[in-house]
Each structure stands twice: as structure tokens, then as C-alpha cells.
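The values are calculated or read from the model by the stated rules, or taken from the named source; none is laboratory data. Since this is a predicted model, take the numbers as computed values, not measurements. Neighbour counts run over all protein chains shown; Cβ positions are idealised from the backbone, glycine included. Accessible surface is based on the protein model in full, side chains and every heavy atom, while ligands, DNA and RNA are left aside. Shrake-Rupley method; radii C 1.70, N 1.55, O 1.52, S 1.80 Å.
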Amino acid sequence: MKYQSTRGAPPISLDHALQHGIASDGGLFLPVRLPRFDDADFDSSKDIRETAATFLAPFFEDSSLAAELDEIIAETFSFPVPLQSLSTNAGTLEVLELFHGPTAAFKDFGARFLAACLSRLQADPAHPLTILVATSGDTGGAVAAAFDKRPGIRVVVLYPDGRVSERQAKQLTCWSDNVLSLAVQGSFDDCQAMVKSAMAEETLADRYRFTSANSINIGRLLPQCIYYIHAAAGHFHATERKPGFIIPTGNLGNGFACFMARQSGAPIGSIILATNANRLIPDFLQGAEWESRKSVQTLASAMDVGNPSNMERLRFLGGEAEQLNESIRAIAVDDYDITAEIKRHYERYATAICPHTATASYVWRQLSDEEKGNGDWIIVATAHPAKFERIVEPIIGTSVAMPEALETLMSRQQRFSKIKPDLESLVAAMDEHFAA
Ligand SMILES: *Cc1c(COP(=O)(O)O)cnc(C)c1O
């Protein structure tokens, strides 16, 4: 399988696409054609790893990693992905819990898969790869965790100082020497802009062998398709109906993965993207221009994205707003409704949800009774509520127990540098840390 750029540069191999992250013309990689599956392909899969092996095989055709795909899958899907059922007035609602990995958010899937791939491709510890990652909170922790102590690979994490939760900050800063954590005095958009400008500087990019681990890397997207397919196939075989997914959305990596899975033939019904007050996607689908906006801060901070990168992929595969409107919906949820939803959800089901998950739960609640009726909806729970305890605990009036993985990280030593939001400060910090 070859991978093309959304902007037209000639197709390249998966191995190159994984290592470069972004295409030479600034576009994002997509397979030249999507493999087509049908419902029977996922029929007997009982283990999510079998689903992964079936789905990923065509994407890895001709890759030097093809023979190791099973190991890569085993390293990635090494924790449970439960589907919980809630019984509601309007039938059953299912919740796909994606937060049982080492850093308690769904970013663990993409980060671990990418780490498993890149560490196999990178055979020259004397000339390390440097992964630059801008994070609004969860990506950085997941990527740092996945690459911590991997020989021949360095990670530089940029996060907006003061705009991530305390527990997220700890997860971003508790790693070994191959991880440099930078608290940038600016927004997530500033961090993302710094990464882009660093990668565009040719001499710098050569010296550091930059690559990206943001959701623009195809290696992040591929594993994210799997949990949708697995959950949908299970539901479909039990009910003969395709479930719809409601997905908390920021940079659109997770939502796009669901779309790509459906385009490949997975038994997925409706897709609804739930955004926070950063509402460029819903506005675009309703006719607004696609123009990058300044992100606004919300309670669902990992979704505070003013210019969602993966829209470029969605438009490439799904067309412009008019056409997209037939296949996908998007609804914005503001902080007031996020807060009310966390409270309501807790009162009703005695379960705490994180502010991101609350956007999806709220969107489900807003559906008409008719739409809710069949109980064919799955909301996607993207992070564990204990990661956002400062928000969640006051709302529900009680404490949220931390998962064990998270607790382990909290006791570690933190190391980070504060820098200004410009390229010079980034380069100075890297040169100092990696000077040897
Ligand atoms: C990253 C993140 C999101 C948004 O996912 P995208 O792929 O950027 O749309 C939602 N919730 C949580 C908890 C996240 O960490």
C-alpha cells in the first residue's frame, strides 16, 4: 500500500509516511485507496487484536513492518477496551471506554502503535530521531510514555503552560532523559505553530531528524480505527443494526478514524462529532468558511483546538460541507452544558465522566426520542475523569478514585523548562538539553 498526500505530492511507502509524519508538500498522508471490508470480515473476531490484524493487514502490505504487525498490535492493544451499557429512559446507551491505558486517555492507542512502529524502523541509535509533539494535554503524556527510554528516539513535548490539568502536567514531565518537556508561555495553537515552523527549517530538521507524533501522523490514525470497528461489529452481530458513534472532537483525529473505518466497510451508522465552544467544525458544516480561528479555553481543554488539522483529511475523503453534511454531523457544547452534564450523568448513573466525554453524553441527550429509540448509540469516553479531578470533583461533590497507572506516574519527579512561544526559544532549549 502506498500513501498519498492530501495536497498531491507523489505517493510514498508506509515506512516513510510513518517516519516523516507530514508530506513534503505540507499535506497529510492517506492510503491511495481504502481497502474494502464487509460485515463478515469481522464476524468471528472475539479479541480486539484479531480485528486489528484483519483491518491493518492491507495497510501494511509491502511495508518492512508487515512481518511484525502482530507484535506491534500486541504492544498497542495491551489493555482492556470495555463497552459499558447504561440503561436509560430512552433505551440502552453504550459507552466505549478508551481510557484504560498507561496515561488514562485514548491517545495511548495511537502513541503506543506509533512507538512500536518507529522503534522498529529506527535502527541507528547514533543518529536519533526527534519526535516533536505539541499537546493540549493528553497527546504529550501518551507519546512521552510510549517512547520513554526507547533507544535512538528523542521526544520534545510542548504544552501550554498553565492550561493543562495538574495531573496532566505531571504526566508530561515525569520521564527519562530522552524526553524534553517544555511549558510554553502561550496557547496550544502557539505550540502547534512552533512545531510546524521547526519542521519547516531544513537545516534544523536535518540535524534533529524531526518527525511528528501528532494526530497528523498516519501511525496515530490507523490503530484508532480498530476500537470503532470492534465495538461496531459486536453490536451489529448482536442486533443486526449498525450503531452510531458520538465522538468528543478537537483536532479531529479520533472522529476521522471512525469515518475512515466506516468508509472501509465497517458496520458503523451515524457519526456525530461533539466539539466544545471551539466550534469551527459545526459552523463549517453549516456553511461557514473554513478559516483557522484562535482557540478559546474551555473545561474540555484537550479539545481546545482552533484549527483542527484532520479536517484536511475529512474533506479529501468526504468532500466539501454540502456533501459532508450527508454523512456526518457536528454539534458544539459549551462549558455550561458540560458542567450540567457531568452532574446529571453522575446523579443518574453514579459514574463520573470527564469534561470531554460530557460533550458526547450531552449531544446524545439532545437527540430526539425517536433517534435515541433503538438504543443504537455508542458515546466515546476519551479520558478517565480522575485526570480532570479539579473540574469533576467539585461538580459531583465527591472524589474520583485514580486508576492505578495514573497513581504510579503521580509519584514521579517532574522535570521541565518554561520557554517563550517562539522558535528561537525552542531551539535553545533543545540544543541545551540534547548537547552531548
Ligand atoms: C485529544 C482528546 C480529544 C480530542 O481528540 P481529537 O482526536 O483531537 O479530536 C478528546 N478528548 C480527550 C480526553 C483528548 O485527550
Original post:
Restricting attention to region 131-154, and to residues there that are in contact with a Ser or Thr (Cβ under 7 Å, 6 or more places away or on another chain) and part of a strand (DSSP E or B), which single residue is most open to solvent (accessible area, probe 1.4 Å)?
Top reply: 154
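With respect to residue 353, is the statement that it is assigned to a loop (DSSP other than H, G, I, E, B) and modelled with pLDDT of 95 or more true?
Values: assigned to a loop (DSSP other than H, G, I, E, B): yes; modelled with pLDDT of 95 or more: yes.
Yes, satisfied.
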Subject >> Selection count, region 264-286, where residues are within 26 Å of residue 192 (Cα to Cα) and either polar (S, T, N, Q) or surrounded by fewer than 17 Cβ atoms within 10 Å (Cβ to Cβ) (or both) >> reply: 3
**OP:** Scan region 155-205 residue by residue and report those that are hydroxyl-bearing (Ser, Thr, Tyr), part of a helix (DSSP H, G or I) and in contact with a Leu (Cβ under 9 Å, 6 or more places away or on another chain).
**Re:** 197
Original post:
Across region 188-201, which residue is surrounded by the fewest Cβ atoms within 10 Å (Cβ to Cβ) among those that are over 13 Å from residue 130 (Cβ atoms) and modelled with pLDDT of 90 or more?
Top reply: 197
Original post:
Of 93, 56, 18, which residue is buried (at least 19 other Cβ atoms within 10 Å of the Cβ), modelled with pLDDT under 95 and in a helix (DSSP H, G or I)?
Top reply: 18
Subject >> Residues that are assigned to a helix (DSSP H, G or I), open to solvent by 10 Å² or more (accessible area, probe 1.4 Å) and among the charged types (D, E, K, R), drawn from region 96-125 >> reply: 107, 112, 120
Subject >> The one condition in (1) modelled with pLDDT under 95; (2) open to solvent by less than 50 Å² (accessible area, probe 1.4 Å) that residue 326 fails to fulfil >> reply: (2)
**OP:** Would you tally the residues in region 361-398 being away from the ligand (no atom under 16 Å from the Cβ) and touching a residue at least 60 places away in the same chain (Cβ under 8 Å)?
**Re:** 7
**OP:** Only residues that are farther than 17 Å from residue 249 by Cβ and β-branched (Val, Ile, Thr): list them for region 352-407, please.
**Re:** 391, 392, 395, 396, 398, 400
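Out of the residues in region 287-305 that are under 16 Å from the mean Cα position of the chain (by Cα) and among the small types (Gly, Ala, Ser), which is surrounded by the fewest Cβ atoms within 10 Å (Cβ to Cβ)?
Taking region 287-305 and keeping what is under 16 Å from the mean Cα position of the chain (by Cα), we get 300-305.
Going one step further and asking which of them are among the small types (Gly, Ala, Ser), we end up with 300-302.
Working: 300: 30, 301: 23, 302: 29.
Step by step, filter region 287-305, then rank; the result is 301.
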Subject >> residue 356 within 16 Å of the ligand (Cβ to nearest atom) and open to solvent by less than 20 Å² (accessible area, probe 1.4 Å) >> reply: yes
Original post:
In region 281-332, which residues are within 14 Å of the ligand (Cβ to nearest atom), among the charged types (D, E, K, R) and in contact with a Phe, Trp or Tyr (Cβ under 9 Å, 6 or more places away or on another chain)?
Top reply: 304, 313
Original post:
Residues in region 66-83: is at least one over 26 Å from residue 138 (Cα atoms), of a type in the set (S, T, N, Q) and either touching a helix residue (DSSP H, G or I) at 6+ places or on another chain (Cβ under 6 Å) or surrounded by fewer than 22 Cβ atoms within 10 Å (Cβ to Cβ) (or both)?
Top reply: no
Original post:
Quick one: which of 66, 53, 90 is of a type outside the set (Asp, Glu) and free of Cβ contacts under 8 Å to residues at least 12 places away in the same chain?
Top reply: 66
**OP:** Could you grab me the full set of residues in region 221-255 that are under 16 Å from residue 114 (Cβ atoms), more than 12 Å from the ligand (Cβ to nearest atom) and polar (S, T, N, Q)?
**Re:** none
**OP:** State all residues of region 134-149 that are more than 12 Å from the ligand (Cβ to nearest atom) and touching a helix residue (DSSP H, G or I) at 6+ places or on another chain (Cβ under 6 Å); if no residue qualifies, say none.
**Re:** 146, 147
